[in-house]
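A quick write-up on the structure given underneath.
The values are calculated or read from the model by the stated rules, or taken from the named source; none is laboratory data. Just so it is clear, the structure is predicted and the values come from calculations on it, not from any experiment. Methodologically, a virtual Cβ is constructed for each residue, glycine included, from the backbone with ideal geometry; neighbour enumeration extends over all protein chains shown.
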Amino acid sequence: MIIIGERINGMFRDIAKAIREKDPTAVQEWARKQEAMGSGYLDINVGPAVSDRVSAMRWLCEVAQEASKLPLCLDSTDYDAIEAGLEVCKQPAMINSVPAVQEKMDRVFQMASKYNAEVIGLAMNEEGIPKDAESRVALAMELVANCDAHGIPISNLYIDPLVLPCNVGQDHGPEVMETLRQIKLLSDPPPKTVVGLSNISQGTKDRDLINRIFAVMAMANGLDAAIADGCDEELIAAVATARIILNMDIYCDSYVDVFKNQNL
Amino acid sequence: MGLSGLEIFKQLPKTNCKECGYPTCLAFAMALANGKASLDACPDVTEEAKEALSSASAPPIKMVKVGTGDRVIEMGDETEIFRHDKRFNHPTAVTVEVKDTDDLEARLAVINDLIFERVGQEYTVDMIALVNASGDAGKFKAAAETVKEKTEKNVVLVSEDAGAMEVALDVLADRKPLVYAANKDNFEKMTELAKSKECPLVVKGDDLNSLAELVDKIVALGYKELVLDPGSRETSKVLADLTQIRRLAVRKKFRTFGYQTIAFTSKDDPQEDLMQAGVYLSKYASIVVLKTDKKEHLLPLFSWRANLFTDPQKPAQVQPGLHPIGDADENSPVYCTTNFSLSFYLVEGEVSSTRIPSYILSVDTKGTSVLTAYADNRYTAESIAAAIKSTGLEDKVKNKNIVIPGLVAVLKGALEDESGWDVTVGPREASGITKFAKEKFA
Amino acid sequence: MAVEIMKEKYRSQVREVVLGATKDEGGTRSTTIKVGGESTLPFLHFEGAVPNRPVVAMEVWDVFPEEWPQNLKDAFGDVLNDPAAWAKKCVDEFGADLIALRFKGADPDVNDASAEDCIAVLKNVLEAVGVPLIVYGCGKLEKDNAIIGPIGEAAEGENLLLGVAEQENYKSVASAAMAYKHSVIAQSPIDINIAKQLNILISEMSTPLLDRIVIDPTIAALGYGIEYSYSIMERARFGALNGDRMLGMPMIGNVGHEVWSKKETFIPVDEEPGWGDQAERSLAWESVTAMALLQAGMNILVMRHPQAVKLIKQNIDELMQDNSY
Ligand code: SF4
């Protein structure tokens, strides 16, 4: 599983302050830190800090890339802001995200093809998040078919089955696992899968434990990536271990360190 | 191999008419991919779509056979790129080239006589490739007659002249030879010949593109018993072409290349010939045609083939029993190990480097290593004692002392009771044998 | 019809390691050699770079190789008593890219040669040839640990490739490499997990050493378990290309050493009539072993018979030809 480090988000106070004051220090510190701990992408989210999301996104992308060589995951519902970010990305980025809504898919997949970007597609539409796996997979299929129609390799598509907090939507848990499995049958090569890991534990007490267990269970069902806290040591150790058990990395006694140091 | 939802969806009418009982064609495609529905439920699927879907679920590389009866050789039907993922199914057919201008009787006698034995396995040349080097149809036919009479080996008939092929094929048709080759000029005639005699046919291109074009034309003529020759002859190019054909067939399910391959060496020097053949055998050729017919060249090639095509999931075994190292005699030390090939070879290597003539007793553990076999109750005091008896070791050595691996030191007492022999606990790793032997036996 | 050529996109590439050092670089070699650096599987030029060709090192011993079969000894004429002349012949006549100097004589059971004796031989060989050197001890741990430091020191700056670091015994070799600017052979017993772990252990002593490690996965000879080595090498290389940096080192194989002790190289034809001529068969055994390993990604082949060396070099020449579409 690839970790998309979630820390550069205007929701956090230090990042919001950085954006407002145009002081890159905090952004770059987090960029470096997440890279050093083995994240594969940096999520970039302007958050509610400023109203000019377009220039804030551009600025965040620029300063993050000065500090880290990781690819970026541009996280916004404002597609102009995403496009502004894509323009300054030095390597193919990831667009986060698009639901299975036709006009949105048209815009996003067009951008993706223009900038050679990867896309996170959400298994939801105008009607919201379906509960059962079958309907989630049907939405995933729409995303796959649209991606294919734009000539984008399906392996550049990450499907997010959408996770609900386990204290509210407990019955979604097994459906998400089933969705992850079935997505791999959609095409050959199949799309990748991603989740926003911390969603599962919103409002619960032992959030880290729930995140960690959910991550390894989802990995066993085929999860490829998660937007998560890239500095959570125990999460990283759990992910590294699951990768060994799933034969994704070659074992050696120091495998946790190897996983962490992969960007060094 | 299952089809993906997208592949199925692409073949559906996309009208979302709900006749199948699913709300959309997409949903129906997913149900099919999951094995929960049958294609018949959609009334509007076209015949082409049915054909495309059924052929897409066929194995990625078609199996093709050469020869008949006991001598039939099966090739193709491979599913892997790397042997460590899953075994390669059908060992490359090693084929020796002869010409219709050669002294055929003499050459066939030599080839018939090529029987190799190594580590309990017997190998022979799989096929001969009879080349119409004379360019003369009559000579080719006569040569085919000699082949028919003088050897029982399977045959590849090599001539791009359809007239010559016709007469030679008449002679050998009931041996089901491989017909080489249909090219862009002769393919109609060659296909007709192969089809009428029900013999497999090689399709020869000038490169991958022309090969693909030609395969499609021949398939359109209704023949699918095919073998591919991309036409390249330079080592590096052949490697690339064979790799592409395998990858496209297995990874992309590109039906046009879903057949086995044949590769020809291009060297006159037999050692160079062997190296080239080795490369092609390593990287995916189902048939390798080479020129040398010397035992000293073919033995290494057969050995490499035997190694490469072993099942990586199954441990390789050596013959269980008693193996003398050097001029072992009644005073020689006896080491006991398993018949897992790697353990055995390690011990054998170390024991021979002690330069003390010795015996190695390899106990039949079904090819498992010392610790695994111990855990499995295959390497026990009883099984070792039984091996001592069955190999007649009692009569071969006087000292009645046997060295067991340090890892199973616990067996010492039980084995002494069971066999009546003295048991010495050896080093834990084979690498310790030299030092151990020097102290004990030198 | 245009076939859509299938090119894999790998995340990473094999590390490039430089062997030897010229005068400017602090050594005395007339040439240096680069190995590794490829960003694709063996010889698939159509999808990635193979910037450096695999190279062949020929073995030279500090003592007369009594145990070699006669036809192998004959191939060298009268130089086998003189390591310097032997090395020179390998380079000048047989085209060796490197010399692998093996201090067999240091073995307490052979001559128990001292570090000083070894250094004298090393100096002679360094003088006689301009190519980079690989240095092996006698294979007995204690002795090798005792001589490797002084040998490394005596050749400071030459960037020798020092053999061999093993999981239970890597510090003396790695220290010598670190202190005196050499490279290291990291040897694991046909075990990919240990191969990886050993690289980590060495890099914990010194991170820069990561780019001076060559993996010896321990190869088996043709017919003696070579398929295990083949698959381990393929897995390691595939892992390396997919981003496993701790397995991304070039690889070395002790081909001659493994092959020439096997029956197939010395049993005469009258004892095994089915096996054919011993001289031709023995060198074919070595060249076919090397050929197979090349196909699994071997970067440095350590070999013995000049004719087998010639064959494999020709094979490498051919395989290095571009096969792009
Ligand atoms: S019956 Fe056929 S066309 Fe109609 S919805 Fe089902 S799959 Fe689509």
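Which condition number in (1) buried (at least 21 other Cβ atoms within 10 Å of the Cβ); (2) at pLDDT 95 or above; (3) in a helix (DSSP H, G or I) is the one that A:Ala140 fails?
(2)
Within the stretch A:26-34, identify whether any single residue is closer than 16 Å to A:Ala93 by Cβ and among the acidic types (Asp, Glu), and answer yes or no.
No, because not a single residue in the stretch A:26-34 is closer than 16 Å to A:Ala93 by Cβ and among the acidic types (Asp, Glu).
Go through the stretch C:171-263 and tell me which helices (runs of 4 or more DSSP H), entirely inside it, have 1 or more residues that are in contact with a Ser or Thr (Cβ under 6 Å, 6 or more places away or on another chain) and at the interface with chain A (Cβ under 10 Å from one of its Cβ atoms). Break it down stepwise before answering.
Details: elements: C:171-180, C:192-205, C:226-241, C:255-259.
In the stretch C:171-263, the matching helices (runs of 4 or more DSSP H) lie at C:192-205.
Within the stretch C:292-320, work out how many residues are in a loop (DSSP other than H, G, I, E, B) and without any contact (Cβ under 8 Å) to a residue 60 or more places away in the chain.
We begin by selecting, within the stretch C:292-320, every residue in a loop (DSSP other than H, G, I, E, B); these are C:296-299, C:304-305, C:320.
Narrowing the set further to residues that are without any contact (Cβ under 8 Å) to a residue 60 or more places away in the chain leaves none.
The total comes to 0.
Report whether or not A:Asp160 is over 22 Å from A:Asp75 (Cα atoms), touching a residue at least 12 places away in the same chain (Cβ under 8 Å) and among the acidic types (Asp, Glu). Give the derivation first.
Details: over 22 Å from A:Asp75 (Cα atoms): no; touching a residue at least 12 places away in the same chain (Cβ under 8 Å): yes; among the acidic types (Asp, Glu): yes.
Judged against the criteria, A:Asp160 is not a match.
For the stretch C:104-130, what are the residues that are farther than 28 Å from C:Leu311 by Cβ and either within 14 Å of chain B (Cβ to nearest Cβ) or part of a loop (DSSP other than H, G, I, E, B) (or both)?
C:Asp107, C:Pro108, C:Asp109, C:Val110, C:Asn111, C:Asp112, C:Ala113, C:Ser114
List every residue pair whose Cβ atoms sit under 6 Å apart, with the two residues 6 or more apart in sequence or on different chains, where the first one lies in the stretch C:11-22 and is at pLDDT below 95 and the second, anywhere, is not in a strand (DSSP E or B).
Between residues of the stretch C:11-22 that are at pLDDT below 95 and residues that are not in a strand (DSSP E or B), the close pairs are C:Arg11/C:Asn242; C:Arg11/C:Gly243; C:Ser12/C:Leu241; C:Ser12/C:Gly243.
Got a number for residues in the stretch B:51-70 being within 16 Å of the ligand (Cβ to nearest atom) and either out of contact with any Leu (no Cβ under 7 Å at 6 or more places or on another chain) or free of Cβ contacts under 8 Å to residues at least 12 places away in the same chain (or both)?
Total meeting the criteria: 1.
Given (1) in contact with an Asp or Glu (Cβ under 9 Å, 6 or more places away or on another chain); (2) at the interface with chain B (Cβ under 8 Å from one of its Cβ atoms); (3) under 29 Å from C:Leu162 (Cβ atoms); (4) surrounded by 24 or more Cβ atoms within 10 Å (Cβ to Cβ), where does C:Ser287 come up short, assuming only one miss?
(1)
Just to confirm my filter: which helices (runs of 4 or more DSSP H) fall fully inside the stretch B:183-259 and include at least 1 residues that are within 22 Å of the chain's Cα centre (by Cα) and either at the interface with chain C (Cβ under 9 Å from one of its Cβ atoms) or of a type in the set (Ser, Thr, Tyr) (or both)?
Numbers: elements: B:187-197, B:208-220, B:235-251.
Result: B:235-251.
I need the full set of residues from the stretch B:99-140 which are free of Cβ contacts under 8 Å to residues at least 40 places away in the same chain and among the β-branched types (Val, Ile, Thr), in order please.
B:Thr101, B:Ile115, B:Thr124, B:Ile128, B:Val131
Within the stretch A:55-70, is even one residue in contact with a strand residue (DSSP E or B) (Cβ under 8 Å, 6 or more places away or on another chain) and either under 30 Å from B:Lys14 (Cβ atoms) or not in a helix (DSSP H, G or I) (or both)?
Kept after step one, since they are in contact with a strand residue (DSSP E or B) (Cβ under 8 Å, 6 or more places away or on another chain), are these residues of the stretch A:55-70: A:57, A:60-61, A:64-65, A:68, A:70.
Next, from what is left, pick out any that are either under 30 Å from B:Lys14 (Cβ atoms) or not in a helix (DSSP H, G or I) (or both): A:68, A:70.
The answer is yes; a qualifying residue exists.
Hey, among the residues in the stretch B:7-47 that are more than 10 Å from the ligand (Cβ to nearest atom) and of a type in the set (Asp, Glu), which one's nearest to A:Asp148 (Cα to Cα)?
The qualifying residue nearest to A:Asp148 (Cα to Cα) is B:Glu7.
Check the stretch A:239-259 and report whether any residue there is in a helix (DSSP H, G or I), over 24 Å from A:Pro189 (Cβ atoms) and more than 14 Å from chain C (Cβ to nearest Cβ).
Scanning the stretch A:239-259, I find at least one residue that is in a helix (DSSP H, G or I), over 24 Å from A:Pro189 (Cβ atoms) and more than 14 Å from chain C (Cβ to nearest Cβ), so the answer is yes.
Restricting the first residue to the stretch B:5-28 and requiring it to be away from chain A (no Cβ under 11 Å) and more than 13 Å from B:Ala41 (Cβ to Cβ), which pairs with a second residue that is outside any loop (DSSP other than H, G, I, E, B) and more than 6 Å from the ligand (Cβ to nearest atom) meet a Cβ separation below 6 Å and a spacing of at least six or different chains?
That search, which allows pairs on different chains as well, returns B:Gln11/B:Ala49; B:Gln11/B:Ala52; B:Gln11/B:Leu53.
Can you tell me how many residues in the stretch C:228-279 are modelled with pLDDT under 90 and under 20 Å from the mean Cα position of the chain (by Cα)?
2
So, restricting to strands (runs of 3 or more DSSP E) that lie completely within the stretch B:60-164, which ones have at least 3 residues that are under 16 Å from the mean Cα position of the chain (by Cα) and under 19 Å from B:Pro200 (Cα atoms)?
Values: elements: B:64-66, B:73-75, B:93-99, B:115-118, B:121-124, B:127-131, B:154-158.
Answer list for the stretch B:60-164: B:64-66, B:73-75, B:93-99.
When you scan the stretch B:5-24, how many residues do you find that are of a type outside the set (A, V, I, L, M), closer than 13 Å to A:Val137 by Cα and in contact with a Leu (Cβ under 8 Å, 6 or more places away or on another chain)?
Within the stretch B:5-24, residues that are of a type outside the set (A, V, I, L, M), closer than 13 Å to A:Val137 by Cα and in contact with a Leu (Cβ under 8 Å, 6 or more places away or on another chain) number 1.
In the stretch B:71-83, is there at least one residue being farther than 30 Å from B:Glu149 by Cα, in contact (Cβ under 8 Å) with a residue 12 or more places away in the chain and within 16 Å of the ligand (Cβ to nearest atom)? If you could, list the steps in order and put the result at the bottom.
So the first thing to find is which residues in the stretch B:71-83 are farther than 30 Å from B:Glu149 by Cα, and the list is B:77-83.
Now restrict to residues that are in contact (Cβ under 8 Å) with a residue 12 or more places away in the chain: B:77-81, B:83.
Pick out the ones that are also within 16 Å of the ligand (Cβ to nearest atom) and you get none.
Within the stretch B:71-83, none of the residues are farther than 30 Å from B:Glu149 by Cα, in contact (Cβ under 8 Å) with a residue 12 or more places away in the chain and within 16 Å of the ligand (Cβ to nearest atom).
With the condition kept exactly as written, say whether any residue in the stretch C:64-74 is in a helix (DSSP H, G or I), at pLDDT 95 or above and surrounded by 19 or more Cβ atoms within 10 Å (Cβ to Cβ).
Scanning the stretch C:64-74 turns up at least one residue that is in a helix (DSSP H, G or I), at pLDDT 95 or above and surrounded by 19 or more Cβ atoms within 10 Å (Cβ to Cβ).
If you go through the stretch C:91-127, how many residues are touching a strand residue (DSSP E or B) at 6+ places or on another chain (Cβ under 6 Å) and closer than 18 Å to C:Leu162 by Cβ? Even if it seems obvious, please write down each step before you answer.
So the first thing to find is which residues in the stretch C:91-127 are touching a strand residue (DSSP E or B) at 6+ places or on another chain (Cβ under 6 Å), and the list is C:96-102, C:104, C:125.
With closer than 18 Å to C:Leu162 by Cβ added as a condition, the list becomes C:97-102, C:104, C:125.
Adding up the residues that qualify gives 8.
Take C:Ser30 and decide whether it is more than 14 Å from every other protein chain (Cβ to nearest Cβ), hydroxyl-bearing (Ser, Thr, Tyr), buried (at least 16 other Cβ atoms within 10 Å of the Cβ) and outside any strand (DSSP E or B). First the steps, then the outcome.
On the way: more than 14 Å from every other protein chain (Cβ to nearest Cβ): yes; hydroxyl-bearing (Ser, Thr, Tyr): yes; buried (at least 16 other Cβ atoms within 10 Å of the Cβ): no; outside any strand (DSSP E or B): yes.
No; evaluated as a whole, the condition is false for this residue.
Got a sec? Which of B:Thr46, B:Thr68, B:Thr79 is of a type in the set (Val, Ile, Thr), out of contact with any Asp or Glu (no Cβ under 6 Å at 6 or more places or on another chain) and within 18 Å of B:Gly258 (Cα to Cα)? Full working, then the answer.
Numbers: B:Thr46 fails: within 18 Å of B:Gly258 (Cα to Cα); B:Thr68 fails: within 18 Å of B:Gly258 (Cα to Cα).
None of the others qualify; the one that does is B:Thr79.
Find all pairs meeting these conditions: Cβ atoms under 8 angstrom apart; at least six residues apart or on different chains; first residue within the stretch B:351-362 and closer than 20 Å to B:Lys400 by Cα and free of Cβ contacts under 8 Å to residues at least 60 places away in the same chain; second residue among the charged types (D, E, K, R) and in a strand (DSSP E or B).
So the pair list comes out empty.
Taking the condition free of Cβ contacts under 8 Å to residues at least 12 places away in the same chain, among the hydroxyl-bearing types (Ser, Thr, Tyr), within 28 Å of B:Ala133 (Cβ to Cβ) and surrounded by fewer than 23 Cβ atoms within 10 Å (Cβ to Cβ), does B:Ser236 pass?
On the way: free of Cβ contacts under 8 Å to residues at least 12 places away in the same chain: yes; among the hydroxyl-bearing types (Ser, Thr, Tyr): yes; within 28 Å of B:Ala133 (Cβ to Cβ): yes; surrounded by fewer than 23 Cβ atoms within 10 Å (Cβ to Cβ): yes.
Yes.
Looking at the structure I just gave you, is C:Ala296 closer than 19 Å to B:Tyr280 by Cβ and within 8 Å of another protein chain (Cβ to nearest Cβ)? Lay out the reasoning, then the answer.
Values: closer than 19 Å to B:Tyr280 by Cβ: yes; within 8 Å of another protein chain (Cβ to nearest Cβ): no.
Considered against the rule, which asks whether it is closer than 19 Å to B:Tyr280 by Cβ and within 8 Å of another protein chain (Cβ to nearest Cβ), C:Ala296 comes out as no.
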